[in-house]
Amino acid sequence: MQFLDSLITHILPLGYQLSIPIALAAIAATISERLGVINLGIEGQMLVGAFAAVVGSHLTGSPVIGILFGMIAGGVFGLLHVTVCVKLRSNQAVCGVAINLLALGLTDFLTTLIWGTKISALVTRLPNVTVPLLERIPIAGVFFRNQTVFFYLLPLIVAAAYIFFYKTRWGLRVMAIGHNPQAALSAGINVVKYRYVGLMIAGVLAGLGGAYLSVAFNNAFVSDMVAGRGFMGIASNIFGGWNPLGSFLASFLFAFAQSLRYYVAGAVVPTQITQMLPYAITLIVLIAVKKRSRAPEAMGVLE
Amino acid sequence: MEKNKTFGSIGAKLGDLGSSLFSIALALAMGAVIILFMGLNPLTAYAELWRGAFQNPTAIANTLSRATPLLLCGLSVAVARRAGLFNIGAEGQLHAGAIATILFMLAFPSLPRILLLPVGILIGMFAGAAWALIPGILKAKRGIHEVVVCIMCNYLIILFCAYLVNGPFLEPGSHVGQTTLIAEAGRLSNLFVPRSQLNTGFLIAIGVAVVVYIFLFKTSLGFKFRTVGSNPEAARAGGIIPEKISIGAMAFAGSIAALAGITEVLGKYYRFIDGFSPSFGFTGIAVAFLARSNPFGIILSALLFGTLDSGSLRMARVTGVSSDLIIVIQALVIFFVAIPNITKFFKLPKNVILARFDK
């Protein structure tokens, strides 16, 4: 009974909060891979987003402007990825590794330059909001009390991505590119343009996820603070079947497993083991699902 | 790509070498621009970096010792790459190797050195190979992209090692995640310079480079690896089964990456310490790509990255240029090397840089 109580009032909300950056990374991964581009650089795009958001908030005192900074930084790194991969024809996976390394080095370098240590100064954090009336709902009220705006923004982004992919002609074209870029090209789709725009939007989403970590969930930048959430997003995207809704649900499942350790699991199961769960589950799903038809066939193929 | 003894191939080799050197120069130049923006003198900074890496025998020894795991990881990535696979899992495989070796040595501390050391190393290599079989088999049997599986495998084994050394195998009374020290008999000996970190692991790594070279270019199995890597359909037509090669290549790559972890823990720390690898496996990707997966080239590029690592501390201390700049420079090197025909974006006459690129 006590567990049930803490489940609703603490674990579920925390799980949802932890899922926000992972879900944003997962949607970024879905967009990229549906376009046939392997985007391992999401981790790095999130990291520069987190850093830029803190710089923005530090300079202007406004966390909202900070978040805009973060989105722009993520978008710029997305542009870097797509330019190097699509225009300059680099190996996509290697490019992602380079993006992550660059983001790590650059953010540490600049943090040390600005603040003298590997931790930034504390910055103004995005204020939490409480939805009037709804917060009075007996049990579920906790979801409407003292939460960040991201809490409500995420479902909108997921819905928008879902509608984009399945209800608009642009989304269908994106999926066509992922299945067979050559056929898409001969059908008159500007594959390169789609990839440029898509990868930049993915970068913006990743940057938003990083900004959430640094100015909404926390209020400072710490070296390597994304800590694998970008890769966890890629895993969620695979587990979710390259589909925004599935990605979102998978992210929540993974984050929920993480949040458990703060309340119950730590005493029963070692934290490292609960942290292994998302990767183990994704691997098992990859092995168990016989048909790979869900995966974009042209992943990593330029044309 | 390596048709022997024709003029064209010499041109191609020089072209590759030229574009690798060009990539390094470009990355260092961009690093210099960043240092200039900081209002500091890049030449002083790079001079201190050089001094930090080579000023005395101890510094040189430490530089070589830093290059050792990078060399092994680079070779691991290169073996897979030659067979057409991207081994982004070296980081996990080196953890698997290191933990297996250490646990074996902790379990049998009283074995004589002649048994403990070779068997311990072999068990670690076996563990690395076995761990790499997961992406290898999934690639061969299910066609799942090895990069995706390697990422999952990396996290799984790194977290599992963290659990082991923070839980059941935590040194009693320790506040950081580490095992107890292994027996003297299991440690790699110090090499050439006393009180430096250089140990026989460096010689092992050089030996592996030679073995990989001979394997890839002088054996029929190595030829099959390269055939599958350059054209799997042609290989299949020629009677080679690419799936088998994929599995074998990953196992081989995994055992080499494992050696990177094994030589670190046996030669430097004498125990498994949580987080002992500052992403050797990922830097190994850069090392391999810079050398275009040529085993002897990898020795040079590992030395370069080892130099940057070991010199950067002195550069930071003396000039105030943070050692994180080195990570930026390494990332830039990967970008430039990964872009085909990087030199063509800079309008130099073709014959000056002997540009002929086959990739």
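The values are calculated or read from the model by the stated rules, or taken from the named source; none is laboratory data. Please read these numbers as outputs of a predicted model, since none were measured by experiment. In this analysis, Cβ positions are derived from the backbone assuming ideal geometry, glycine residues included, and neighbour counts consider all displayed protein chains.
Quick rundown of the values:
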| quantity | calculated |
| --- | --- |
| Residue that is farthest from residue B:254 (Cα to Cα) [pool: residues in region B:143-159 that are outside any loop (DSSP other than H, G, I, E, B) and without any contact (Cβ under 8 Å) to a residue 60 or more places away in the chain] | B:159 |
| Count of residues meeting criterion [farther than 16 Å from residue B:204 by Cβ, among the charged types (D, E, K, R) and away from chain A (no Cβ under 14 Å)] in region B:256-289 | 1 |
| Check on residue A:189, of a type outside the set (Ser, Thr, Tyr), within 12 Å of chain B (Cβ to nearest Cβ), more than 15 Å from residue A:21 (Cβ to Cβ) and over 12 Å from the mean Cα position of the chain (by Cα) | no |
| All positions within region B:79-128 that are crowded, with 24+ Cβ neighbours inside 10 Å, part of a loop (DSSP other than H, G, I, E, B) and small (Gly, Ala, Ser) | B:83, B:89 |
| Selection count where residues are at pLDDT 90 or above and more than 17 Å from the chain's Cα centre (by Cα), scope region A:144-171 | 9 |
| Checklist (1) crowded, with 22+ Cβ neighbours inside 10 Å; (2) at pLDDT 90 or above; (3) facing chain A (nearest Cβ under 10 Å) applied to residue B:337, failing item | (2) |
| Options A:48, A:94, A:64, A:82; residue that is under 23 Å from residue A:160 (Cβ atoms), within 14 Å of chain B (Cβ to nearest Cβ) and part of a helix (DSSP H, G or I) | A:82 |
| Check on residue B:18, within 14 Å of chain A (Cβ to nearest Cβ) and part of a helix (DSSP H, G or I) | no |
| Qualifying residue in region A:117-134 (condition: part of a helix (DSSP H, G or I), surrounded by fewer than 23 Cβ atoms within 10 Å (Cβ to Cβ) and away from every other protein chain (no Cβ under 14 Å)) | yes |
| Matching residues, region B:129-166, being surrounded by 19 or more Cβ atoms within 10 Å (Cβ to Cβ), of a type in the set (Gly, Ala, Ser) and within 7 Å of chain A (Cβ to nearest Cβ) | B:162 |
| Residue in region B:201-209 that is surrounded by fewer than 17 Cβ atoms within 10 Å (Cβ to Cβ) and more than 23 Å from the chain's Cα centre (by Cα) present | no |
| Hits in region A:4-53 - residues which are of a type in the set (A, V, I, L, M) and in contact with an Asp or Glu (Cβ under 9 Å, 6 or more places away or on another chain) | A:25, A:47 |
| Failed criterion for residue B:169 (all others in (1) free of Cβ contacts under 8 Å to residues at least 40 places away in the same chain; (2) farther than 30 Å from residue A:233 by Cα; (3) within 14 Å of chain A (Cβ to nearest Cβ) hold) | (1) |
| The one condition in (1) part of a helix (DSSP H, G or I); (2) modelled with pLDDT under 95; (3) polar (S, T, N, Q) that residue A:107 fails to fulfil | (2) |
| Selection status of residue A:297, more than 28 Å from residue B:157 (Cα to Cα), modelled with pLDDT under 85, more than 12 Å from every other protein chain (Cβ to nearest Cβ) and not in a helix (DSSP H, G or I) | no |
| Single unsatisfied condition, residue A:28 versus (1) small (Gly, Ala, Ser); (2) surrounded by fewer than 24 Cβ atoms within 10 Å (Cβ to Cβ); (3) in a helix (DSSP H, G or I) | (2) |
| Candidate set from region A:104-116 (those that are touching a residue at least 24 places away in the same chain (Cβ under 8 Å) and more than 8 Å from chain B (Cβ to nearest Cβ)); member that is surrounded by the fewest Cβ atoms within 10 Å (Cβ to Cβ) | A:114 |
| Any hit, region B:209-226, residues being touching a helix residue (DSSP H, G or I) at 6+ places or on another chain (Cβ under 7 Å), at pLDDT below 95 and among the polar types (S, T, N, Q) | no |
| Matching option when the condition is hydrophobic (A, V, I, L, M, F, W, C), at pLDDT 90 or above and touching a Leu at 6+ places or on another chain (Cβ under 7 Å), among B:327, B:241 | B:327 |
| Scope region A:178-228; condition out of contact with any strand residue (DSSP E or B) (no Cβ under 9 Å at 6 or more places or on another chain), crowded, with 24+ Cβ neighbours inside 10 Å and not in a helix (DSSP H, G or I); matching residues | A:226 |
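A quick yes/no check of all residues on (1) within 21 Å of residue A:119 (Cα to Cα); (2) at pLDDT below 95:
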site	(1), (2)
A:6	no, yes
A:10	no, yes
A:14	no, yes
A:23	no, no
A:37	no, yes
A:47	yes, no
A:55	yes, no
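Matching residues to (1) free of Cβ contacts under 8 Å to residues at least 12 places away in the same chain; (2) within 10 Å of chain A (Cβ to nearest Cβ):
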{"residue": "B:291", "(1), (2)": "no, no"}
{"residue": "B:297", "(1), (2)": "no, no"}
{"residue": "B:301", "(1), (2)": "no, no"}
{"residue": "B:310", "(1), (2)": "no, no"}
{"residue": "B:314", "(1), (2)": "no, no"}
{"residue": "B:318", "(1), (2)": "no, no"}
{"residue": "B:322", "(1), (2)": "yes, yes"}
{"residue": "B:326", "(1), (2)": "no, yes"}
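A quick yes/no check of all residues on (1) within 14 Å of residue A:273 (Cβ to Cβ); (2) modelled with pLDDT under 95; (3) in contact with a Lys or Arg (Cβ under 9 Å, 6 or more places away or on another chain):
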| position | (1), (2), (3) |
| --- | --- |
| B:137 | no, yes, no |
| B:140 | no, yes, yes |
| B:144 | no, yes, yes |
| B:148 | no, yes, no |
| B:151 | no, yes, no |
| B:168 | yes, yes, no |
| B:172 | no, yes, no |
